[in-house]
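Step one of this worksheet: look at the structure below.
No value in this document is a laboratory result; all are computed from the given coordinates. In this text, all values refer to a predicted model and were calculated from it rather than measured experimentally. All Cβ positions, glycine included, derive from the backbone under ideal geometry; neighbour counts span all protein chains shown.
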């Protein structure tokens with residue numbers, strides 16, 4: 001069992017706009033998209049694994065989500081394959097927090 005934080009981190013863009021990086025929302029987005037961006041979609045195994053992770057995230061209450069080891073390993077693979085549209089320390093913090101689960 002792995003436990004990850006579901007933080008909400010304040011992010012300020014270079015133009016001064018305030019926003020929030022919500023770990024739960026970010027993980028849902030990552031898991032809903034194909035891991036291999038060169039593919040046109042997901043195979044059934046990736047869909048099933050994604051649904052398991054999404055189920056855990058949906059049921060998570062409070063500041064933590066608890067994953068079975070296999071679901072966590074799948075999710076971490078997706079996080080490592082993810083591409084981000086900005087360069088910001090909050091992205092590094094997000095990846096470190098999620099991949100450093102206890």
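Flag not set for residue 27, criterion: within 16 Å of the chain's Cα centre (by Cα), in a strand (DSSP E or B) and under 23 Å from residue 85 (Cα atoms).
Answer yes or no as to whether residue 98 is within 24 Å of residue 20 (Cα to Cα) and part of a loop (DSSP other than H, G, I, E, B). For residue 98, the condition - within 24 Å of residue 20 (Cα to Cα) and part of a loop (DSSP other than H, G, I, E, B) - is not met.
For segment 71-97, the candidate set comprises residues that are closer than 17 Å to residue 10 by Cα and touching a residue at least 24 places away in the same chain (Cβ under 8 Å); within that set, the residue that is surrounded by the fewest Cβ atoms within 10 Å (Cβ to Cβ) is 86.
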